[in-house]
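The values are calculated or read from the model by the stated rules, or taken from the named source; none is laboratory data. Just so you know, these numbers come straight off a predicted model, no measurement behind them. Note that we place each Cβ from the backbone using ideal geometry, even for glycine, and neighbour counts take in every protein chain shown.
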Ligand code: SF4
C-alpha cells in the first residue's frame, strides 16, 4: 500500500523567461498566419513540441530545410553571427528568440576578444548555446568537467566566462584554479540567475521532504544538476522526463511527503501532472482519492508569475482576440 500523503512543488520552477519568450514568439508568429519554423527544437519537451505543432509550428534542423520566404524563430540558446547572416541571405523572415541573458553573454565575449584575452569558456561542448557563443569567440577554450581543466594553458592575460546554466560552484572552483594560471585574470560571471534560484529552491524543497522527483530532459545539464543537488542534500531522488515514466510505487519506499522540481524547459503543468501521478501511484488511499486536488493545491502554492508557461493572453482571450482580428 502507498505511503505518500502529499506532494510539494518547488517554488520558481516551470519555464525560465528565456524559454517562455522563445516559445511565445513562435506561437505569435504562427497565430499571425506566418509559415513558422524553429531552428532546432525550441525545447526538448514532447508536450510543448506537440502543442506548437498543433498551432502549425514545425522545427527544422538547419536553415537549408527552411521553406523559401518562411519565418524562422531562433530559440533561446542563440546562434552564431554566421547563421544569422545565412538566414538573411536566404531571404528568411528571422524572429530572434535569443534570451536577453544569452545576448549579454555574446556581447561580453565579443568584448573579451576585442580586448585580446585568452578566453576560457566553461560549458558543455556541442551544446547549442556554446556553439552559438563560439561564433563570437572562435579561439575560446571550452572546458567542462574538472578532468578537462589540465588543458588550460598558462597565459599573461586570461578571461573566464561561462555558459548560462553551469552550476555556480563549478564556475567558482574553476575561477580559483585559474588564479594561478594568469598574471591578469578577468572573471565574467554569466551564470544565469534563474539557474541559481532554481537550484536554491530545489535544495530547500529537498530538505523539507522525504523523496524528490526531478522532471526534465535526460540530456539537460541543468536538470541533471538538480538531481545531483538532491543527492548532496541526502534526499532519495528520481529523475524522469514526464509523468508516464513513473510506474513503480515501490520506488518511493516509506516516503510520506514527496517534492517535485524541474529543469528550465519543463513547463510547470508537467510538474503538476507528475505530482498527481505520484499520488495515484504511491499515495495512501485518502491521498489517491484526492490526487488531482492535492496536485492542484501544490501547483497553486508554487506557481508564481515567474513560473508561468506563457505570457500570451489566456487561451479563451486569445481565441476571442484572433476572432476579433479576423472580423
Ligand atoms: S536559463 Fe537563463 S540564460 Fe538560459 S534561456 Fe533561461 S533565462 Fe535565458
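Candidates in segment 29-48 are the residues that are in a helix (DSSP H, G or I) and surrounded by 18 or more Cβ atoms within 10 Å (Cβ to Cβ); of these, the one that is farthest from the ligand (Cβ to nearest atom) is 31. Take residue 23 and decide whether it is more than 14 Å from the ligand (Cβ to nearest atom) and not in a loop (DSSP other than H, G, I, E, B). No: the conditions fail for residue 23.
The rows are residues; the columns are (1) out of contact with any helix residue (DSSP H, G or I) (no Cβ under 8 Å at 6 or more places or on another chain); (2) more than 30 Å from residue 31 (Cβ to Cβ); (3) crowded, with 17+ Cβ neighbours inside 10 Å; (4) modelled with pLDDT of 95 or more.
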residue: 100; (1), (2), (3), (4): no, no, no, yes
residue: 117; (1), (2), (3), (4): yes, yes, yes, yes
residue: 120; (1), (2), (3), (4): no, yes, yes, yes
residue: 140; (1), (2), (3), (4): no, yes, yes, yes
residue: 157; (1), (2), (3), (4): yes, yes, no, yes
residue: 175; (1), (2), (3), (4): yes, yes, no, yes
residue: 194; (1), (2), (3), (4): no, no, yes, no
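Report, by residue number, each residue of segment 1-20 that is within 13 Å of the ligand (Cβ to nearest atom) and part of a loop (DSSP other than H, G, I, E, B). Let's see the steps before the verdict.
Within segment 1-20, the first condition is being within 13 Å of the ligand (Cβ to nearest atom), and the residues that meet it are 12-20.
Of everything in segment 1-20, those that are within 13 Å of the ligand (Cβ to nearest atom) and part of a loop (DSSP other than H, G, I, E, B) turn out to be 12, 13, 14, 15, 16.
Inspect segment 96-117 for any residue being farther than 30 Å from residue 311 by Cβ and in contact with a strand residue (DSSP E or B) (Cβ under 6 Å, 6 or more places away or on another chain) and give the result as yes or no.
First pass over segment 96-117, keeping only residues farther than 30 Å from residue 311 by Cβ: 111-117.
If we keep only those that are in contact with a strand residue (DSSP E or B) (Cβ under 6 Å, 6 or more places away or on another chain) too, we end up with 112, 117.
Taking every residue of segment 96-117 in turn, at least one turns out to be farther than 30 Å from residue 311 by Cβ and in contact with a strand residue (DSSP E or B) (Cβ under 6 Å, 6 or more places away or on another chain).
Of the residues making up segment 202-223, those that are out of contact with any strand residue (DSSP E or B) (no Cβ under 7 Å at 6 or more places or on another chain) and within 14 Å of the ligand (Cβ to nearest atom) number 4.
As a summary of the residue check, residue 164 satisfies the conditions (1) within 16 Å of the ligand (Cβ to nearest atom); (2) assigned to a loop (DSSP other than H, G, I, E, B); (3) surrounded by fewer than 21 Cβ atoms within 10 Å (Cβ to Cβ); (4) not assigned by TED's automatic domain parsing to the domain that holds residue 232 except for the one numbered (3).
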